[in-house]
Amino acid sequence: MTEHTDLIVVGAGIIGLASAFLAREQGQSVRVIDAADRPVGSSIQNFGHACFTAQADVIQPVARVAREGWLRAAQQAGFWAKESGTWLPATSEIELQVLAEFAEHRGDDLVKLLGREEVAAGIGNPGLDALGGAHLPLDVRVDPREAAPAIARYLAADGVEFTWNTQVTGIADGTVATVRGDFHADRVIAAPGYKLLALFPELAERHEVRVCELAMALIERPARIPADLAVLTGTSMARYDGIAAMPSVPELREELARREPGLVDVIANLMMTGTEQGIFVGDSHHYADHTEPFISEDVADLLIDRSTAVLGIDEPRVLQRWKGQYADSAGTNLVLEHPDARTTVAVVTSGIGMTLSFGVADLALRGETISGF
Ligand SMILES: Cc1cc2nc3c(=O)[nH]c(=O)nc-3n(C[C@H](O)[C@H](O)[C@H](O)COP(=O)(O)OP(=O)(O)OC[C@H]3O[C@@H](n4cnc5c(N)ncnc54)[C@H](O)[C@@H]3O)c2cc1C
């Protein structure tokens with residue numbers, strides 16, 4: 001095959017699709033190649049939480065670009081995106097202190113400190129057991145099962161060639177070798193997500209990229225809880241780099257180890273997001289080069305128990321469970337490299353790829369990277 005485009009994107013997850021979307025805005029001809037017949041990777045397995053505010057200071061300019069990209073894509077491709085922000089109930093004095101430090105650091109307009117009643121009303125649980133909390137108004141909610149497929153459909157209608165069911169076996173100097181033959185482009189962006197190891201083993205090993213597996217569930221949503229809900233908890237404050245940099249976080253970690261040893265053991269980021277279909281609850285973290293398919297019932301139960309306690313749901317009905325996977329590295333949050341002059345590899349190696357997608361795609365298209373992240 002000799003068909004030539006300005007750009008080939010390998011991977012129809014959110015990073016690849018965001019790259020294709022921005023390239024089309026620039027008027028480039030684009031082909032997207034994916035091993036599956038639709039988006040099936042991390043990008044449909046997650047919370048759909050574009051969690052800009054809690055990310056590290058250094059990535060905030062990229063997060064702003066990402067936010068604009070999400071809102072433009074939602075408007076053009078016609079998928080659900082709500083600028084409803086994130087609620088953070090504080091269940092202890094130290095959690096309140098961390099949120100106060102974060103509000104001081106980021107500013108009152110980006111981190112609004114609230115009383116218990118306001119947080120309870122925001123998450124739809126009048127009986128919320130909290131001392132107070134915060135709201136992060138810039139954060140955006142999308143439905144992860146809808147967004148990537150909608151962008152792919154929109155791009156296909158806009159002239160992007162999609163080559164589905166086609167495993168890529170190698171990428172170099174503008175040639176993409178696949179099981180169906182070679183494709184050519186001026187530039188190639190490879191966004192294989194947690195399958196980086198199979199495509200660029202040397203790069204994956206150099207950045208110690210591994211797979212993070214997470215226990216997830218979808219539970220029924222009572223009508224009192226908003227469909228655009230996003231709730232982070234104390235474990236999230238200790239996890240997301242922006243908040244985790246606050247001075248009281250070491251003390252929060254000690255408190256969590258005493259108060260919630262089960263959650264700390266499974267490296268939980270206890271959080272919940274809503275959609276029309278239900279409430280996503282999770283998650284635990286386990287790291288491996290190659291994951292196992294099994295979900296521990298104890299871990300799944302613990303996450304559901306603690307999430308529903310925050311939401312005031314006494315008898316949750318579980319609609320689905322699944323094991324999510326994303327690319328992770330202990331050393332970096334982003335692999336953005338240029339193995340040759342025509343190839344860019346873009347993989348977010350932390351659980352924040354939905355949040356940053358359009359910002360990372362923008363960096364990849366401009367041939368830039370960001371250090372210290
Ligand atoms: C449970 C869970 C919860 C999460 N929650 C959030 C959240 O709330 N907010 C947030 O910001 N992030 C979250 N994340 C992380 C986020 O989902 C990922 O960082 C992001 O989706 C990665 O997108 P991607 O395009 O790189 O990868 P993917 O979506 O995995 O897409 C990669 C694509 O590449 C294709 N591919 C790979 N190798 C090849 C090959 N050799 N040939 C052809 N095709 C190939 C695959 O088929 C796949 O379609 C979560 C992740 C999980 C699993």
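Here are the numbers:
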read-out: Residues being more than 19 Å from Ile225 (Cβ to Cβ), crowded, with 16+ Cβ neighbours inside 10 Å and touching an Asp or Glu at 6+ places or on another chain (Cβ under 9 Å) - total across the stretch 82-96; value: 2
read-out: Matching entry among Ser236, Ser248 (being among the polar types (S, T, N, Q), more than 14 Å from the ligand (Cβ to nearest atom) and within 23 Å of Ile352 (Cβ to Cβ)); value: Ser248
read-out: Test: Gly78 is touching a residue at least 60 places away in the same chain (Cβ under 8 Å), more than 16 Å from Leu311 (Cβ to Cβ) and open to solvent by 30 Å² or more (accessible area, probe 1.4 Å); value: yes
read-out: Pairs, first charged (D, E, K, R) in the stretch 244-267, second not in a helix (DSSP H, G or I), C-beta under 7 Å, six or more apart; value: Arg253/Ala238; Glu255/Ser92
read-out: Residue match in the stretch 134-152 (condition: within 12 Å of the ligand (Cβ to nearest atom) and over 26 Å from the mean Cα position of the chain (by Cα)); value: no
read-out: Selection from the stretch 180-211 of residues that are of a type in the set (Asp, Glu) and part of a helix (DSSP H, G or I); value: Glu202, Glu205
read-out: Qualifying positions in the stretch 212-237 - in a loop (DSSP other than H, G, I, E, B) and either in contact with a strand residue (DSSP E or B) (Cβ under 7 Å, 6 or more places away or on another chain) or surrounded by 21 or more Cβ atoms within 10 Å (Cβ to Cβ) (or both); value: Glu220, Arg221, Ile225, Pro226, Ala227, Asp228, Leu229, Thr233
read-out: Residue selected from the stretch 22-61 under the condition among the hydrophobic types (A, V, I, L, M, F, W, C) and open to solvent by 10 Å² or more (accessible area, probe 1.4 Å), by the criterion farthest from the ligand (Cβ to nearest atom); value: Val58
read-out: Test result for Ala177, outside the structural domain of Leu218 (by TED's automatic domain parsing) and under 23 Å from the mean Cα position of the chain (by Cα); value: no
read-out: Odd one out for Ile189, checked against (1) in the same structural domain as Val299 (by TED's automatic domain parsing); (2) among the aliphatic types (A, V, I, L, M); (3) within 12 Å of the ligand (Cβ to nearest atom); value: (1)
read-out: Residue under evaluation Leu196, criteria (1) within 9 Å of the ligand (Cβ to nearest atom); (2) over 16 Å from Ala18 (Cβ atoms); (3) within 24 Å of the chain's Cα centre (by Cα); (4) open to solvent by 10 Å² or more (accessible area, probe 1.4 Å), criterion not met; value: (4)
read-out: Selection count where residues are in contact with a helix residue (DSSP H, G or I) (Cβ under 6 Å, 6 or more places away or on another chain) and either charged (D, E, K, R) or not in a helix (DSSP H, G or I) (or both), scope the stretch 298-310; value: 0
read-out: Number of the exception - Pro316 against (1) part of a loop (DSSP other than H, G, I, E, B); (2) more than 16 Å from the ligand (Cβ to nearest atom); (3) not assigned by TED's automatic domain parsing to the domain that holds Gly124; value: (3)
read-out: Subset tally (residues that are part of a helix (DSSP H, G or I) and more than 10 Å from the ligand (Cβ to nearest atom)) for the stretch 341-362; value: 3
read-out: Residue in the stretch 289-297 that is in a strand (DSSP E or B) and surrounded by fewer than 19 Cβ atoms within 10 Å (Cβ to Cβ) present; value: no
read-out: Members of the stretch 1-14 that are open to solvent by 20 Å² or more (accessible area, probe 1.4 Å) and near the ligand (Cβ under 6 Å from one of its atoms); value: Gly13
read-out: Residues satisfying the stated conditions in the stretch 322-332, i.e. open to solvent by 30 Å² or more (accessible area, probe 1.4 Å) and either more than 23 Å from Ser236 (Cα to Cα) or not in a strand (DSSP E or B) (or both); value: Ala330, Gly331
read-out: Hits in the stretch 64-75 (condition: open to solvent by 20 Å² or more (accessible area, probe 1.4 Å) and more than 27 Å from Gly124 (Cα to Cα)); value: Arg64, Val65, Glu68, Arg72, Gln75
read-out: Subset of the stretch 208-233 [within 14 Å of the ligand (Cβ to nearest atom), under 30 Å from Pro339 (Cβ atoms) and not hydrophobic (A, V, I, L, M, F, W, C)]; value: Arg210, Glu213
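The values are calculated or read from the model by the stated rules, or taken from the named source; none is laboratory data. Fair warning: this is a prediction, and the values are worked out from it, not measured in the lab. Positions of Cβ are backbone-derived with ideal geometry, glycine not excepted, and every protein chain shown enters the neighbour counts. We work out accessible area using only protein heavy atoms, side chains counted, and drop any ligands, DNA or RNA first. Shrake-Rupley method; radii C 1.70, N 1.55, O 1.52, S 1.80 Å.
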